[in-house]
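I have placed the structure first, in the form of structure tokens, so that the comments after it can refer back to it.
The values are calculated or read from the model by the stated rules, or taken from the named source; none is laboratory data. Keep in mind that what you see is a predicted model, and the values were worked out from it rather than measured. Glycine also receives a Cβ, built like all others from the backbone with ideal geometry; neighbour counts cover every protein chain displayed. To get the accessible areas, we keep the full protein, side chains included, count just its heavy atoms, and leave off ligands, DNA and RNA. Shrake-Rupley method; radii C 1.70, N 1.55, O 1.52, S 1.80 Å.
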Amino acid sequence: METILSKRTKQIKSSYNSLPELEDIYCKLGYDYGLISDELIESLKENQSVKKKIKENTDIKSMAEFNREYELTPEYLILKSYKYQLKALERLMSGLKVRIEGLRSEARGGA
């Protein structure tokens, strides 16, 4: 299954010299970022109930033990993946913005 990140990266590569296409991709990246942010919020809500269950159902003596138990849950991995996806999209958007500004500068005759 192709990720949003790899899909958008391929689109950027194929449209590297087209300002209108790159601007469109940038807008789509913003939309993707918003969708993942919404999913992250839902995941945070789900994680609260997981944390509560861990506290109730285990004999945890320290915060380190609690963290180990929590980090083994699928909900934690999902939350972590959302955070990594958002960071990757931020970096991709940043690089794309630089490319768009460069093409705009070239179009104005500044390069």
Legend entry - Whichever lysines have a C-alpha closer than 27 Å to that of Lys7, once near sequence neighbours (fewer than 8 apart) are set aside: Lys28, Lys80, Lys83, Lys87, Lys97
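Could you calculate the FRET efficiency of Glu75 with Tyr31 from 1/(1 + (r/R0)^6), where r is the beta carbon distance between them and R0 is 22 Å, rounded to 0.05?
Values: r = 25 Å, r/R0 = 1.14.
Working from the Cβ atoms, E equals 0.30.
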Inset, instruction - Could you please state how large a percent of the accessible area of the chain is carbon and sulfur, counting protein chains only and using a 1.4 Å probe? - result: 55
Legend entry - Residue-normalised accessible area of region 27-100, expressed per residue, 1.4 Å probe, Å²: 69
Inset, instruction - Can you spot the lysines whose alpha carbon is less than 23 Å from Lys61's alpha carbon? Ignore those fewer than 8 places along the same chain. - result: Lys51, Lys52, Lys53
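At 0.36 nm per residue, and after removing the present C-alpha to C-alpha distance, how many nm does the segment from Lys87 to Lys61 gain when stretched out fully?
Details: separation 26, 0.36 × 26 = 9.36 nm, distance 3.36 nm.
Using 0.36 nm per residue and subtracting the Cα-Cα distance, I get 6.0 nm.
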Inset, instruction - Compare the Cα positions of Leu35, Ala107, Tyr70 along the charge dipole of the chain (+1 at Cβ of Lys, Arg; -1 at Cβ of Asp, Glu; about the Cα centre) and return the one farthest towards the positive end. - result: Ala107
Inset, instruction - Using only the Cα atoms of the chain, construct the convex hull and provide its projected area averaged over every direction, in square nanometres to one decimal. - result: 8.9
Legend entry - Packing-based order for 67-76, 48-57, using average beta carbon neighbours within 10 Å, highest first: 67-76, 48-57
